[in-house]
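Visitor: Below you'll find the structure I mean.
The values are calculated or read from the model by the stated rules, or taken from the named source; none is laboratory data. Just so it is clear, the model here is predicted, and its values are computed rather than measured. Note: ideal-geometry Cβ built from the backbone for every residue, glycine included; neighbour counts use all protein chains shown. Heads up: the accessible areas ignore ligands, DNA and RNA and are worked out on the full protein's heavy atoms, side chains in. Shrake-Rupley method; radii C 1.70, N 1.55, O 1.52, S 1.80 Å.
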Amino acid sequence: MAMRKIFQVAWKDIRLIFRDRSALTLMLLAPFVLTIGMGAITGRFSGSSTSSGVSDIPLVIVNDDSGQLGSALVEMLQSEDLDALLNPLVMTDLAAARVMVDNDNTAAAIYIPPDFTASIIPSSQLGAATQEKVVQIEFYANPTRPTSAGIVRTILEQFLSQVEIGRISGEVTVTQLLANGYINPEQAVAVGSSIGQQMVQSSGSTSSIKLINVTEGGGPVEFDTLAYIAPGMALMFLMYTVTYGGLSLIKENRQGTLARMLISPTTSTQVLSGKVIGIFLTAVAQLLILIGGTSLLFGLKWGDPLAVLALLFAAAFAATGWGMVIAAFLKTPGQVGSIGSALMLIFGLLGGSFFDISSLPGWVKTISKISPNAWGMEGFLDLAHGGSIVSVRTPVFALLSMGAVLFCAAAFWISRRGLARK
Amino acid sequence: MAVKKCIGIVPQELALYEDLTAQENLSFWGQMYGLSGRELTTRTDEVLEQIGLKDKAKQRIKTYSGGMKRRVNIGVGLLHRPRLLFMDEPTVGIDPQSRRAILDSVKELNRQGMTVLYTTHYMEEAQELSHRVGIIDHGELIALGTQSELTHQVQETDTLILHFSEYEDPQPLINALQGITGVQRVVSTNHEISIVTPSAEKLIAPVVSQADRLGIKIYSIDIREPNLEAVFLHLTGRALRD
């Protein structure tokens, strides 16, 4: 009988929230729409075969370098490996390339100046003198396409990094050969040039960037940008749902239904447990719908189903704890609404719902761990990269612990306030 | 818990879920009182019939009129067949038709054997419904008994009520009334003077004459024989609306 009443209270709350159109809009429609929107921005729905979500990035290359490195860079950008990711156009007019960037016709332009190769690889004709002249590749990024431009920039930096590594290696090699008397100064230029040729082959033969990850089992797993966006949105709006649940306790207290329940032969423990379970099950239902929906509509692979379920339940549990804390400490529906919304956005930011927080300072990442979003994101990303129930045990444990601590705090405070006492 | 099962509550404020239908509300509250299965279904149907909302049972409460909501509010209190029903001003803010329906159903419940503790500010409701009446003034029970026991306290007094137009100042008449034989107590409210007297009929002539002398026009005159309102007036020295 005791358990039955708990589930009757919970079921009533679930029915009420699923009949509230505005709540449903924010619980289900908003995360879907934002996921679609952000997916569209990143090119996820452009129809390309790549599952990275970013594809066919328009790029203009102007190569005025007559040497091997310039050609190697162009070849790499046009290589088969980067065929799905980049859509390069080779031009000869730098001014025209800039105009294309300015007019938003391309994501970025790369200008390889004359003597780029010569500035790095000493030729037998030019000798060491040319090495003193610094020639830099110019990169024009389109500010309206930060993601695409960032990807091109990263590819370029990787190429230059390989070139730099090769140049330093060559210098060290030649210096050591000279110092140990294996070659004489007349032979140094020829040896350096030879090393440079090999460097060109190694830096330009394969692309440096591939959006491919390797699972623990060793098999390759392609990463989908939606696998980042969708859990971010789902976790952020999960906080809305639990805030709404907490709000229902305050509302019931005000509208007299809480008192009416407590006047009936129902204990305060049954009522509160029912409300907590109602919020928890609503949160679980929301996540299940969002995960199921994105899987069916966008073909998103969330990862190992068992691990996804474990993480989903743990995230819903921790978020419900936050919902109860909000209900316990705040007194009016207005307070719950405004502070709940603020918390949803703060946790969304801290948890990485809007951008990757891995590049943020360490203290921000530490603070972010108070949010279920951060732990949830960590777990969902791990699963999207091919993780298993074992690899997400830390986030799952952290979320369950967070929920348990928050429930204790909420129960203590609700008892102290006499919110569910009659 | 055993006591809770025996009592039903009808709070003054509506304590219902507006996004649930009447049937769902009754079903939920029935479950809170331990009803389940066939008994729950049967009682829900019976109560819906009783409060006259069977045909609108599947509509959400928020689409109901105030009177219909009040009836559901009462229905919740009846579901588990309580032996004692507390009703706190169940007719506040509703139309006369719904009010009549509620008063009739209270009488019917009592006829069926249920004890009803009914709180109201309307003396005519108390008079119509009650076997025993308690009068509470400023949180204190100042009288308790059957209607006849209470009215017996003021049985030798009538209440003569004088009505004035809103432009009339009856204060000179109030002062003058203190000197008229037979006037026991004078209470004035907005454009109205209530005079407690052993015989209202005998007092009419001197009061009208005094008003005439003072140039105060009386709009109308009522005589009330001893009733609960008179009892309240007698006990507190104030009309109920004060």
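Visitor: Check each of the trypsin sites (Lys or Arg not before Pro) in region B:1-91 and keep only those in coil by DSSP with at most 13 other C-beta atoms within 10 angstrom; list them in order.
Guide: B:Lys58, B:Arg83
Visitor: Just to make sure I understand: if all protein chains stay in place, what is the order of B:His138, B:His131, B:His80 by accessible area at 1.4 Å, largest first?
Guide: Ranked list, largest accessible area first: B:His138, B:His131, B:His80.
Visitor: For the full complex of protein chains and a 1.4 angstrom probe, list A:Phe7, A:Phe347, A:Phe407 by accessible area with the highest value first.
Guide: A:Phe7, A:Phe407, A:Phe347
Visitor: I'd like to know which of B:Thr21, B:Leu48, B:Ala2 lies farthest towards the positive end of the charge dipole of region B:1-48, counting +1 on Cβ of Lys and Arg and -1 on Cβ of Asp and Glu.
Guide: The listed residue farthest towards the positive side: B:Ala2.
Visitor: How much accessible surface area, in Å² rounded to 10, belongs to the heavy atoms of A:Thr144 with a 1.4 Å probe?
Guide: 100 Å²
Visitor: For region A:1-22 and region A:397-412, compute the distance between their C-alpha centroids and round to whole Å.
Guide: Cα centroid to Cα centroid, the span is 22 Å.
Visitor: If the convex hull of the alpha-carbon atoms of region A:273-408 is projected onto planes in all directions, what is the mean projected area in square nanometres?
Guide: Taking the Cα atoms of region A:273-408, their convex hull projects to 8.8 nm² on average.
Visitor: Sorted from largest to smallest, which semi-axis lengths in Å does the alpha carbon gyration tensor of region B:98-203 give for its equivalent ellipsoid, taking the root of 5 times each eigenvalue?
Guide: 34, 17, 13
Visitor: Right, another one. Can you list the aspartates and glutamates whose alpha carbon is less than 20 Å from that of B:Lys202, not counting same-chain residues fewer than 8 positions off?
Guide: Cross-link targets: B:Glu156, B:Asp158, B:Glu192, B:Asp212, B:Asp222, B:Glu225.
Visitor: State the three equivalent ellipsoid semi-axes of region B:109-149, derived from the C-alpha gyration tensor as the square roots of 5 times its eigenvalues, in descending order and whole Å.
Guide: Square roots of five times the eigenvalues give 19, 11, 10 Å.
Visitor: Shifting gears a bit: Two decimals is fine: what's Rg over Rh for region B:44-155, C-alpha atoms, Kirkwood radius as Rh?
Guide: 1.02
Visitor: Could you tell me what a quarter of the Cα convex hull surface of the protein assembly as shown works out to, in nm² with one decimal place?
Guide: 46.5 nm²
Visitor: Follow-up question, since we're still on this one. From the P(r) of chain B, could you give the percentage of C-alpha pairs in the tail past 24 Å?
Guide: 56 percent
Visitor: Here is a further query. List, in the order given, every pair from A:Lys251/B:Lys54; A:Lys251/B:Lys4; A:Lys5/B:Lys5; A:Lys12/B:Lys58; A:Lys5/B:Lys4; A:Lys251/B:Lys69 whose Cα-Cα distance in the structure shown is over 20 Å.
Guide: A:Lys251/B:Lys54; A:Lys251/B:Lys4
Visitor: Need one value: the accessible area of A:Ser268 in square angstrom, 1.4 angstrom probe, rounded to the nearest 10.
Guide: 40 Å²
Visitor: Taking chain B as a Gaussian network, Cα atoms linked when under 10 Å apart, which of B:Gln59, B:Gln112, B:Gln127 shows the biggest mean-square fluctuation?
Guide: Maximum fluctuation in the GNM of chain B, among the listed residues, is at B:Gln112.
Visitor: When we measure straight from the Cα of A:Lys275, which aspartates and glutamates land under 16 angstrom away, once same-chain ones fewer than 8 places off are left out?
Guide: Once the sequence-local aspartates and glutamates are set aside, what remains near A:Lys275 is A:Asp13, A:Glu252.
Visitor: Can I ask one more? Treating region B:146-201 as a set of equal point scatterers at the Cα positions, no solvent, please give the Debye-formula log₁₀ I(q)/I(0) at q = 0.15, 0.20, 0.28 Å⁻¹.
Guide: Ignoring solvent entirely, the Cα scatterers give -0.48, -0.75, -1.11.
Visitor: Take A:Trp413, A:Trp302, A:Trp322, A:Trp363 and sort them by solvent-accessible surface of the protein heavy atoms, 1.4 Å probe, largest at the top.
Guide: Final ranking, largest accessible area leading: A:Trp363, A:Trp413, A:Trp322, A:Trp302.
Visitor: Could I ask something else about it? Please report, in debye to the nearest 20, how large the charge dipole of the protein assembly as shown is about its Cα centre when each Lys and Arg carries +1 at its beta carbon and each Asp and Glu carries -1 there.
Guide: Taking the Cα centre of the protein assembly as shown as origin, the dipole is about 2760 debye.
Visitor: Another question, if that's okay. Please report, as a whole percent, how much of the solvent-accessible surface of region B:2-119 comes from carbon and sulfur atoms (probe radius 1.4 Å).
Guide: Using a 1.4 Å probe with all protein chains present, region B:2-119 comes out at 51 percent carbon and sulfur.
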